[in-house]
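**Q** This structure is in structure tokens; I'll ask about it shortly.
Please treat every number below as a calculation from the coordinates, not as lab data. Computed from a prediction, not measured in an experiment: that's the story for all the values here. Don't worry about glycine lacking a Cβ; one is built from the backbone with ideal geometry, like all the others, and counts go over all protein chains shown.
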Amino acid sequence: MEKYLSLHFERSTPLGLEEARAQGRYATAETVLRQKAPDEVIEEVKAANLRGRGGAWFPAGVKWSFMPKEPQGPSYLVVNADEGEPGTFKDRQLMEKNPHLLLEGILLASYAIRAHTAYLYIRGEYLASYRALVQAVKEAREARLLGPNLFGTDFHLEVVIHRGAGAYICGEETALLNSLEGRRGEPRPKPPFPAVYGAFGRPTTVNNVETLANVPFILERGARWFRDLGAPTAPGHLLFGLSGPVRRPGVYELPTGTTARELVEEHGGGLIGGKALKAFVPGGASTGFLPADALDVEMDPETLRERGTMLGTGGIIVIPDDVRIVDAARVFSRFFRHETCGQCSPCREGAAWSDRVLARFARGEGHRDDFDLIEDIARGSTRRTICVFPEAFAGPMLSAIRHFRDEFESGVAAPDNPTSVAHQEA
Ligand SMILES: Cc1cc2nc3c(=O)[nH]c(=O)nc-3n(C[C@H](O)[C@H](O)[C@H](O)COP(=O)(O)O)c2cc1C
């Protein structure tokens, strides 16, 4: 299989402009800007069915087509480089190793949506990525690959890099926009959607780093080439994350639809120390748990939805059988409790309550009616808030109980429960 996204991931330093150009970077941007109209670019990306890699899998070309064709004033591209989802570390690789690929994607997307400023909102902790991007933008500006009259056309583009301050919610696109504007990082009610009222009240498209990194290849090789890769409903390659106690954790570029088993066993080399697999998280913390017997699942958004979960960011977290699911779920609930922005009370209270209940189970002090309470919290918080954060904290706890109820049963307090942790320890 020919890789295209991860070609330089083995490097210890970012690929500089000279090398990047020798590999063909910016050649596609030059051809496209000189020969294609913005709408032709949108049509090609639509035809490729490139779906967003930030977690929601919304078609990028369709999103771009919502932007005004004859803007009265500025439109913006905002690059989501917040990468806060636990288990996800693929945008970081792209930015640290191949920043000019992202810049070329930004150039092409900005041209398509008629934006002349692109804001790149980067997670504050990503210092190496930030430095690589600052250097790449400087190189591109000096080489007139950013700035006025690009490639002799009248298209101009500036890229502004903005560092976040370490809040998971700022990855949600409208919280990100608020944060970019210097406001509290709280999601905005939708509608209006960013294409109508985005950054600074102007039409805005928000795209994930990996989504944009695919764009130069689609425009160079064509929509048909892209559509032939991976799962028909979500084509292309995906940068899968693999973490947990496997022999070779890391980022793997594979077609969408690759099975979780291939990732864990072939590429990851299986679990260390001969451990057995108990469960795995298919695509970042908010996608919840699947049991080991689901390992043959094809990793594409539709198949995972049929399984009651999501592909999310494609960040697989492996859970070995010596870890209690209750404890794994508690790690996530503590994270979500900490990261709820607190704007909507069902989310603020729901995240805190679910963490308290999971902590009870983990201590072996669960109540018999805590099972109902968890269902209640999930019902009472999801679909009642400005963003989908409650879905993110409800998924892990509900799936943990669905697939591993016996482990929760043993977390119910003694003395009425002979299998409880507390009973056994007494
Ligand atoms: C709580 C929450 C956190 C999110 N974090 C990120 C993130 O860190 N990076 C990202 O690209 N998208 C994140 N998203 C998704 C974005 O809202 C948005 O869908 C995405 O940036 C759009 O880009 P795409 O269409 O290219 O995938 C998050 C969504 C939610 C609800």
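**Q** For segment 74-92, does any single residue satisfy the condition of being closer than 25 Å to ALA231 by Cα, hydroxyl-bearing (Ser, Thr, Tyr) and in contact with a Ser or Thr (Cβ under 7 Å, 6 or more places away or on another chain)?
**A** Yes; the residues of segment 74-92 include at least one that is closer than 25 Å to ALA231 by Cα, hydroxyl-bearing (Ser, Thr, Tyr) and in contact with a Ser or Thr (Cβ under 7 Å, 6 or more places away or on another chain).
**Q** Right, something else. For segment 109-133: of the residues being closer than 22 Å to LEU177 by Cβ and of a type in the set (A, V, I, L, M), which is nearest to the chain's Cα centre (by Cα)? It would help to see each step written out before you state the result.
**A** Kept after step one, since they are closer than 22 Å to LEU177 by Cβ, are these residues of segment 109-133: 109-126, 129-130, 133.
Now drop any that are not of a type in the set (A, V, I, L, M), which leaves 109, 112-113, 115, 118, 120, 122, 133.
Numbers: ALA109: 19, ALA112: 23, ILE113: 22, ALA115: 23, ALA118: 19, LEU120: 15, ILE122: 13, LEU133: 19 Å.
The extreme case among them is ILE122.
Matching residues to (1) touching a residue at least 24 places away in the same chain (Cβ under 8 Å); (2) within 15 Å of the ligand (Cβ to nearest atom):
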{"site": "ASN207", "(1), (2)": "yes, yes"}
{"site": "GLU210", "(1), (2)": "yes, yes"}
{"site": "ALA213", "(1), (2)": "yes, yes"}
{"site": "ILE218", "(1), (2)": "yes, yes"}
{"site": "GLY222", "(1), (2)": "yes, no"}
{"site": "TRP225", "(1), (2)": "no, no"}
{"site": "ASP228", "(1), (2)": "no, no"}
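**Q** Is it fair to say ALA109 is farther than 26 Å from ALA392 by Cα, within 14 Å of the ligand (Cβ to nearest atom), of a type in the set (Gly, Ala, Ser) and not in a strand (DSSP E or B)? Give the steps one after another, and end with the answer.
**A** Numbers: farther than 26 Å from ALA392 by Cα: yes; within 14 Å of the ligand (Cβ to nearest atom): yes; of a type in the set (Gly, Ala, Ser): yes; not in a strand (DSSP E or B): yes.
Against the criterion (farther than 26 Å from ALA392 by Cα, within 14 Å of the ligand (Cβ to nearest atom), of a type in the set (Gly, Ala, Ser) and not in a strand (DSSP E or B)), ALA109 qualifies.
**Q** Can you pull out the residues in segment 262-284 that are on the phi > 0 side of the Ramachandran plot and either touching a helix residue (DSSP H, G or I) at 6+ places or on another chain (Cβ under 7 Å) or touching a residue at least 12 places away in the same chain (Cβ under 8 Å) (or both)? Spell out how you get there, then give the answer.
**A** The initial filter retains those residues of segment 262-284 that are on the phi > 0 side of the Ramachandran plot, namely 269-270, 273-274, 284.
GLY269, GLY270, GLY273, GLY284 - these are the residues of segment 262-284 that are on the phi > 0 side of the Ramachandran plot and either touching a helix residue (DSSP H, G or I) at 6+ places or on another chain (Cβ under 7 Å) or touching a residue at least 12 places away in the same chain (Cβ under 8 Å) (or both).
**Q** While we're on this one: Tally the residues that are in contact with a Cys (Cβ under 6 Å, 6 or more places away or on another chain) and not polar (S, T, N, Q), restricting the search to segment 334-375. Steps first, please.
**A** The initial filter retains those residues of segment 334-375 that are in contact with a Cys (Cβ under 6 Å, 6 or more places away or on another chain), namely 340.
Adding the requirement that they be not polar (S, T, N, Q) leaves none.
The qualifying residues number 0.
**Q** Mind checking which residues of segment 130-179 are without any contact (Cβ under 8 Å) to a residue 24 or more places away in the chain, polar (S, T, N, Q) and in a helix (DSSP H, G or I)? First the steps, then the outcome.
**A** So the first thing to find is which residues in segment 130-179 are without any contact (Cβ under 8 Å) to a residue 24 or more places away in the chain, and the list is 131, 138, 141-142, 144, 147-149, 154, 178.
After this cut, where a residue has to be polar (S, T, N, Q) as well, the list is 149, 178.
ASN178 - this is the single residue of segment 130-179 that is without any contact (Cβ under 8 Å) to a residue 24 or more places away in the chain, polar (S, T, N, Q) and in a helix (DSSP H, G or I).
Yes/no matrix, rows are residues, columns are (1) more than 13 Å from the ligand (Cβ to nearest atom); (2) assigned to a loop (DSSP other than H, G, I, E, B); (3) surrounded by 24 or more Cβ atoms within 10 Å (Cβ to Cβ):
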{"site": "VAL45", "(1), (2), (3)": "no, no, yes"}
{"site": "GLU70", "(1), (2), (3)": "yes, yes, no"}
{"site": "LEU77", "(1), (2), (3)": "no, no, yes"}
{"site": "GLU85", "(1), (2), (3)": "no, yes, no"}
{"site": "THR88", "(1), (2), (3)": "no, yes, yes"}
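**Q** Moving on to the next point. Within segment 337-360, count every residue that is touching an Asp or Glu at 6+ places or on another chain (Cβ under 7 Å) and either assigned to a helix (DSSP H, G or I) or surrounded by 21 or more Cβ atoms within 10 Å (Cβ to Cβ) (or both).
**A** The first filter runs over segment 337-360 and keeps only residues touching an Asp or Glu at 6+ places or on another chain (Cβ under 7 Å), leaving 337, 341, 343, 357, 360.
Then drop every residue that is not either assigned to a helix (DSSP H, G or I) or surrounded by 21 or more Cβ atoms within 10 Å (Cβ to Cβ) (or both), which leaves 337, 341, 357, 360.
Qualifying residue count, segment 337-360: 4.
**Q** Oh, and also: Quick check on segment 55-65. Is at least one of its residues surrounded by fewer than 21 Cβ atoms within 10 Å (Cβ to Cβ), in contact (Cβ under 8 Å) with a residue 40 or more places away in the chain and more than 10 Å from the ligand (Cβ to nearest atom)?
**A** no
**Q** Do you know which of the residues in segment 230-252 that are touching a residue at least 60 places away in the same chain (Cβ under 8 Å) and surrounded by fewer than 18 Cβ atoms within 10 Å (Cβ to Cβ) is farthest from HIS8 (Cα to Cα)?
**A** THR233
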